[in-house]
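Following: one structure in structure tokens, then a few remarks.
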Amino acid sequence: MQDTPCPRVRLHQLRLYVDNHLHDRYLAPPLVLVAAALLTTWVPVWQVVLWAVVELAVIAVYIGVYLRFLRAQPQPSHEELWTRRIAWAHGAHMVMWSSIVVWAYVPGDLNPLMFVMLMQAGLISLTVAMSNPHRRLLLSDLVAPTVALVVPPLRDGTLFSLGLTAVGIFYVALMLQVGLRMHASTTETLVLRQRNDELIRQLGQQVRRDGLTGLSNREHFIATGRTELERAARYRHPLALLMMDLDHFKSINDTHGHLAGDEVLKSVSRVCREMVRTNDCLARLGGEEFAVLMPQTSLAQASAAAERLREAVAGLRCDLREGVVTPTMSIGVAIAHDGQEGLPSLMRRGDLAMYQAKAKGRNCVVLAPDPATRQEA
């Protein structure tokens, strides 16, 4: 099975690879020391010490690369760069272990041969178990130990040695098949997880969005409003609310039909979405009624924003098959100072201001009176 072309899945594979190999920081150094002690049985001590020092340094380098990768938390677009870095760093480790066949193997001596083949067979098994999440790194990690496993017996030229080479080849083929099957299973799991995450995200959006306009729905607006009021109370900043209603919308439905009314709602929604800030919550509350929550917004700023929205909607020309519609909107503006007001009260004041705009002839903005000022009066 080939690696999925999706960069996000490949990055997950690389993370799993790194997580598996991070155990090396605890196990690899003691293993180096044990192997070095055994090698001194037939190899000069200075060669063994040199190998052990270099190998410990290589381990420190690739563990450092792993830790930098985890700290960096790279994006999928950086997966290829980190794969190359890890391939070079861990590849040096594989080459160092496989180099034993060059300087520690004694042709014609069965004990060194068995030791070398045992070390390489164990290295291949560990590689399959730890490197399988990332197919490309799995294959590159297997190159050096595979060569070190199957080549030494060929140097003896005996029938027994040729048999060992054959056993080594079949063992590598078997372990490679196991590794690729494990990789395929891991990849399938990651792809399914990604699809499930995307499905959950889409379902979450559907729960929060109005099906016709794509704006936030009433439930999401209410939840957001409560959260923003709590934040406004905590940080002592004002929260503005715009309650908006399309004028004479019933007559649009009656004259042109409900499908035409839906097109008008969508056109108005697009215009309003372009006018509000990214941190504002624009919602369709139902029918032709809309609302905007504007955090950290004063009364003057909210009034100006409402006027811009009103003008934008008034300038809209909806060319429908049933005819041309030029909608207008009445807007009520209410402010919660320092978040010291409940959402129902704030929406009620905004609604009253919006109905006052209707009574004044529609297509205008009315500011709700400050409750504190009203109480003083």
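The values are calculated or read from the model by the stated rules, or taken from the named source; none is laboratory data. Given the structure is predicted, the values throughout are model-derived calculations rather than measurements. Positions of Cβ are generated from backbone atoms using ideal geometry, with glycine treated the same way; all protein chains shown enter the neighbour counts.
Going by what's in this entry, would residue 158 be described as closer than 30 Å to residue 103 by Cβ and among the polar types (S, T, N, Q)?
In short, yes.
Restricting attention to the stretch 198-216, report how many residues are in a helix (DSSP H, G or I) and more than 24 Å from residue 344 (Cα to Cα).
Counting residues in the stretch 198-216 that are in a helix (DSSP H, G or I) and more than 24 Å from residue 344 (Cα to Cα) gives 9.
Need a quick list: helices (runs of 4 or more DSSP H) entirely within the stretch 1-118 having at least 3 residues that are loosely packed, with under 12 Cβ neighbours inside 10 Å.
The helices (runs of 4 or more DSSP H) meeting that bar are 24-39, 45-72.
Residue by residue through the stretch 139-183, note down the ones that are closer than 14 Å to residue 121 by Cα and outside any helix (DSSP H, G or I).
The answer is 151, and nothing else.
Being more than 13 Å from residue 316 (Cβ to Cβ) and β-branched (Val, Ile, Thr) is the filter; apply it to the stretch 244-297 and report the residue that is modelled with the highest pLDDT.
292
Considering (1) surrounded by fewer than 16 Cβ atoms within 10 Å (Cβ to Cβ); (2) in the same structural domain as residue 134 (by TED's automatic domain parsing), say which one residue 212 fails and leave the rest.
(2)
Could you list, in sequence order, all residues of the stretch 1-42 that are of a type in the set (Val, Ile, Thr) and in contact with a helix residue (DSSP H, G or I) (Cβ under 7 Å, 6 or more places away or on another chain)?
Listed by number, the residues that qualify are 4, 9, 18, 32, 40.
Anything in the stretch 295-320 that is touching a residue at least 12 places away in the same chain (Cβ under 8 Å) and within 12 Å of residue 275 (Cα to Cα)? List them, or say none.
305, 306, 307, 308, 309, 310, 312, 313
Mind checking which pairs have a first residue in the stretch 341-354 that is over 17 Å from residue 281 (Cα atoms) and a second that is part of a loop (DSSP other than H, G, I, E, B), Cβ under 7 Å, 6 or more apart or different chains?
Going by the 7 Å Cβ cut-off, the qualifying pairs are 349/368; 352/368; 353/368.
Kindly evaluate residue 219 against the criterion of being touching a Pro at 6+ places or on another chain (Cβ under 6 Å) and in a helix (DSSP H, G or I).
no
Between a residue in the stretch 17-28 that is under 19 Å from residue 82 (Cβ atoms) and any residue that is part of a helix (DSSP H, G or I), which pairs come within a Cβ distance under 6 Å, given they are 6 or more apart or on different chains?
That search, which allows pairs on different chains as well, returns 17/137; 18/66; 18/69; 20/130; 21/130; 22/66; 25/63.
Can you name every residue in the stretch 143-153 that is surrounded by fewer than 20 Cβ atoms within 10 Å (Cβ to Cβ) and more than 12 Å from residue 117 (Cβ to Cβ)?
Listed by number, the residues that qualify are 143, 147.
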